[in-house]
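Each remark here refers to the structure printed beneath this line.
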Amino acid sequence: MTTAGPKPVETTAAYEPRIPETGYPQRPRLVLVTCAGRSGSKWMLRLFDFHPETLCRNEPERMTPALKDPATTSWEEWERTAMDVGPRIGFVDRPPAKPKAYMRGWVKTSRADRVLYTRTLQKITGRHPEAKFPRVFYDADAVARAQRVLKVINARHFICRLLTETEHVPVVHMVRHPGGMLNSWLRRFAPTQDQEGLLERQRQILRDIHQLDPSFVAVSGPVEGKDLVELKLWCWRHAQDAMLLAGSAHPRYATVVFEDLSQNPLDVMKPIYAMCGLEYTDAMRDLIRQETERSSEIAAAWKDRMPPERVNLIERVLDSSRVAAVFGA
């Protein structure tokens with residue numbers, strides 16, 4: 001199946017951050033958590049993981065082909081793959097934070113499932129990549145009923161296609177202030193990469209954006225002459241604007257601002273749980289409260305580390321964008 005390229009992003013249209021306020025009569029089988037890298041999707045996955053009925057996966061490897069070339073995969077094929085990757089364990093997955101409803105009784109008590117997530121065991125037994133849940137540990141019928149929550153990042157084309165072609169898959173879109181995103185990206189990701197290769201990849205991403213959306217050239221300016229930071233920010237802006245635009249018409253799309261989540265986690269997570277048909281119990285609230293005790297400090301840390309020239313660049317990139325409204329700018 002093939003589709004046309006993404007529609008040009010309306011860069012000056014007003015946008016109101018939206019989180020659905022009501023739940024749904026039936027719990028969806030599948031939920032996607034997405035964002036640009038270094039924007040809190042792993043944190044959101046952790047908050048979903050506290051619920052006993054969720055089955056959370058961190059960037060499943062078997063989803064990679066669909067993410068890289070979403071136009072070649074039908075939604076029926078994609079959903080079958082998504083459901084199949086749920087009950088698997090990969091190198092970047094973490095053991096569930098709490099016992100799950102689909103674990104067998106002896107596993108809930110002993111938490112023997114944790115051994116399945118150790119890299120040493122996976123390498124020795126050949127369970128990598130993404131081995132299936134062993135039935136001796138998990139009840140297959142209960143696993144089939146569990147809600148898959150998949151985290152995928154930097155997947156703008158895939159997410160936009162989902163938001164424009166389906167209505168039944170909830171999407172939780174994490175948006176972090178570009179100052180915080182950039183600070184984390186430069187400190188934790190960029191130093192691990194070949195710098196020339198990283199610079200060229202960012203140049204190519206912006207070139208691809210200009211080819212698909214020529215109107216954005218007038219917004220960002222040409223690729224030539226931009227350093228790594230500016231390239232990253234313009235690519236980030238276009239991706240967030242595109243997903244916000246597509247999500248504005250989707251009944252199960254939620255914008256979650258990283259900084260809002262850090263300040264008011266219990267209030268922010270309540271409608272998210274409702275949108276996904278998950279009971280928001282006192283136990284869930286206690287776990288979320290404990291998980292987010294120091295999050296406000298993390299959210300504000302970039303402000304003391306960002307030089308003034310970069311702050312000015314961030315303000316210029318945000319100017320007249322849809323994503324600026326998410327931060328009240």
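The values are calculated or read from the model by the stated rules, or taken from the named source; none is laboratory data. These numbers were taken from a predicted model, which means no experiment stands behind them. Neighbour counts are summed over all protein chains in view; Cβ atoms, including those assigned to glycine, are modelled from backbone coordinates with ideal geometry. Side chains are part of the model used for accessible areas, which takes the heavy atoms of the whole protein and leaves out ligands, DNA and RNA. Shrake-Rupley method; radii C 1.70, N 1.55, O 1.52, S 1.80 Å.
Determine whether segment 284-294 contains at least one residue that is among the hydroxyl-bearing types (Ser, Thr, Tyr) and either part of a loop (DSSP other than H, G, I, E, B) or in contact (Cβ under 8 Å) with a residue 60 or more places away in the chain (or both). The answer is yes, given that some residue of segment 284-294 is among the hydroxyl-bearing types (Ser, Thr, Tyr) and either part of a loop (DSSP other than H, G, I, E, B) or in contact (Cβ under 8 Å) with a residue 60 or more places away in the chain (or both). Beta carbons closer than 7 Å, at least 6 apart along the sequence or on distinct chains, pair a first residue in segment 211-232 that is assigned to a helix (DSSP H, G or I) with a second that is surrounded by fewer than 18 Cβ atoms within 10 Å (Cβ to Cβ) and of a type in the set (A, V, I, L, M, F, W, C) for 228/198; 228/199.
Quick check on residue 92: is it in a loop (DSSP other than H, G, I, E, B), farther than 14 Å from residue 149 by Cβ and either of a type in the set (A, V, I, L, M, F, W, C) or over 19 Å from the mean Cα position of the chain (by Cα) (or both)? Taking the combined requirement at face value, the residue satisfies it. Within segment 301-329, the residues that satisfy the criterion of being part of a helix (DSSP H, G or I) and over 24 Å from residue 34 (Cβ atoms) are 303, 304, 308, 309, 310, 311, 312, 313, 315, 316. Across segment 243-279, the number of residues qualifying as open to solvent by 10 Å² or more (accessible area, probe 1.4 Å) and either closer than 29 Å to residue 207 by Cβ or in contact with a Phe, Trp or Tyr (Cβ under 6 Å, 6 or more places away or on another chain) (or both) comes to 7. The residue that is farthest from residue 301 (Cα to Cα), among those in segment 26-43 that are open to solvent by 20 Å² or more (accessible area, probe 1.4 Å) and outside any loop (DSSP other than H, G, I, E, B), is 42. Of all residues in segment 44-71, exactly one satisfies the criterion of being closer than 24 Å to residue 280 by Cα, open to solvent by 40 Å² or more (accessible area, probe 1.4 Å) and either among the small types (Gly, Ala, Ser) or assigned to a helix (DSSP H, G or I) (or both), namely 46.
Taking into account only those residues within segment 115-153 that are surrounded by 15 or more Cβ atoms within 10 Å (Cβ to Cβ) and of a type in the set (Lys, Arg), which is modelled with the lowest pLDDT? Restricting to residues being surrounded by 15 or more Cβ atoms within 10 Å (Cβ to Cβ) and of a type in the set (Lys, Arg), the top hit is 127. Residue selection: residue 207 fails the criterion of being of a type outside the set (A, V, I, L, M, F, W, C), closer than 24 Å to residue 263 by Cα and open to solvent by 30 Å² or more (accessible area, probe 1.4 Å). Here residue 251 fits the description: over 24 Å from residue 311 (Cα atoms) and not in a helix (DSSP H, G or I).
Residues that are within 30 Å of residue 250 (Cα to Cα) number at least 1 in the following helices (runs of 4 or more DSSP H) confined to segment 98-207: 140-145, 156-165, 178-184.
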